[in-house]
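Structure first, then comments.
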Amino acid sequence: MRKIFSPRLIRLVRIIKNKQGYTLIELTVSMAVIVILSSIALVNFSGHDSRNKVDLAAYKLASDIRKVQSYALSLKEFGGVVPAGGWGIRVKEDESKYIIYADKDDSEKYRAGEDATADNERHETIAIAADGIIISEVDIGGATNRNYGYINHIPPNPEIKINGANNENNDVLQVQNVNYIEITLSGSGYSRKVKINKFGLVDVE
């Protein structure tokens, strides 16, 4: 009688018949490996997401600095008049916001104490959208001991004055007309720096 099945096929059938299922130990080890790999992937994704938020906040700040510069160059009015000192942006350490202001009194800074008066200079408060991201450091021309920083754009020329203070409710500017300001935004162990020089060039580092 002619053979229908080849020896190789017969051996394969025998192997399949003799093959046992996975043991409990093998299943447990496999599940543990899957859980570990999933955890690593989740941590990496969360870290990447945090970095993206800091990056977006830094580029948004840089964009707003350029917007304020355009306000000054276009002689944008505030309260019906062009601000004598142009337009500025105020940053402060350990805050999750910054302020765009009209420098009405040509003081080259913003005074929070004037918000409720006729001399109010606040145009807009910009909140950093992502939770947990703050302005962690303000370096004003190398001076890091001034927690308030002011970037004033003076019309009609693209002139910029960079100043710093410890108290925004008076006229005292401890750091005046320096060459640059560097603003660090931080969150979840990651940070980016926004740097602007006295010529108006803005970089995100």
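The values are calculated or read from the model by the stated rules, or taken from the named source; none is laboratory data. In this text the structure is predicted, and so the values were computed from the model without any measurement. Here Cβ is always computed from backbone atoms with ideal geometry, including for glycine, and neighbour counts include all displayed protein chains.
What are the residue pairs meeting all of these: first residue in the range 62-88, first residue in contact (Cβ under 8 Å) with a residue 24 or more places away in the chain and under 17 Å from ILE162 (Cβ atoms), second residue surrounded by fewer than 18 Cβ atoms within 10 Å (Cβ to Cβ) and small (Gly, Ala, Ser), Cβ atoms under 8 Å, and 6 or more apart or on different chains?
Qualifying pairs under 8 Å: GLN69/GLY200.
Only one of (1) within 21 Å of VAL178 (Cβ to Cβ); (2) surrounded by fewer than 15 Cβ atoms within 10 Å (Cβ to Cβ); (3) modelled with pLDDT of 95 or more fails for ALA143. Which number is that?
(3)
Could you please let me know if GLY189 is surrounded by fewer than 19 Cβ atoms within 10 Å (Cβ to Cβ), in contact with a Pro (Cβ under 7 Å, 6 or more places away or on another chain) and closer than 26 Å to ALA129 by Cα? Can you show your working first?
On the way: surrounded by fewer than 19 Cβ atoms within 10 Å (Cβ to Cβ): yes; in contact with a Pro (Cβ under 7 Å, 6 or more places away or on another chain): no; closer than 26 Å to ALA129 by Cα: yes.
Considered against the rule, which asks whether it is surrounded by fewer than 19 Cβ atoms within 10 Å (Cβ to Cβ), in contact with a Pro (Cβ under 7 Å, 6 or more places away or on another chain) and closer than 26 Å to ALA129 by Cα, GLY189 comes out as no.
Determine, yes or no, whether GLU121 is touching a Lys or Arg at 6+ places or on another chain (Cβ under 6 Å) and at positive phi.
Numbers: touching a Lys or Arg at 6+ places or on another chain (Cβ under 6 Å): yes; at positive phi: no.
Judged against the criteria, GLU121 is not a match.
Quick grid of which residues meet (1) of a type outside the set (Phe, Trp, Tyr); (2) under 22 Å from the mean Cα position of the chain (by Cα):
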{"residue": "TYR101", "(1), (2)": "no, yes"}
{"residue": "ASP105", "(1), (2)": "yes, no"}
{"residue": "GLU114", "(1), (2)": "yes, no"}
{"residue": "ASP119", "(1), (2)": "yes, no"}
{"residue": "HIS123", "(1), (2)": "yes, yes"}
{"residue": "ILE126", "(1), (2)": "yes, yes"}
{"residue": "ALA129", "(1), (2)": "yes, yes"}
{"residue": "ILE135", "(1), (2)": "yes, yes"}
{"residue": "ASP139", "(1), (2)": "yes, yes"}
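Looking only at the range 148-201, count how many residues are at pLDDT 95 or above, among the aliphatic types (A, V, I, L, M) and in contact with a helix residue (DSSP H, G or I) (Cβ under 9 Å, 6 or more places away or on another chain).
Matching residues across the range 148-201 total 5.
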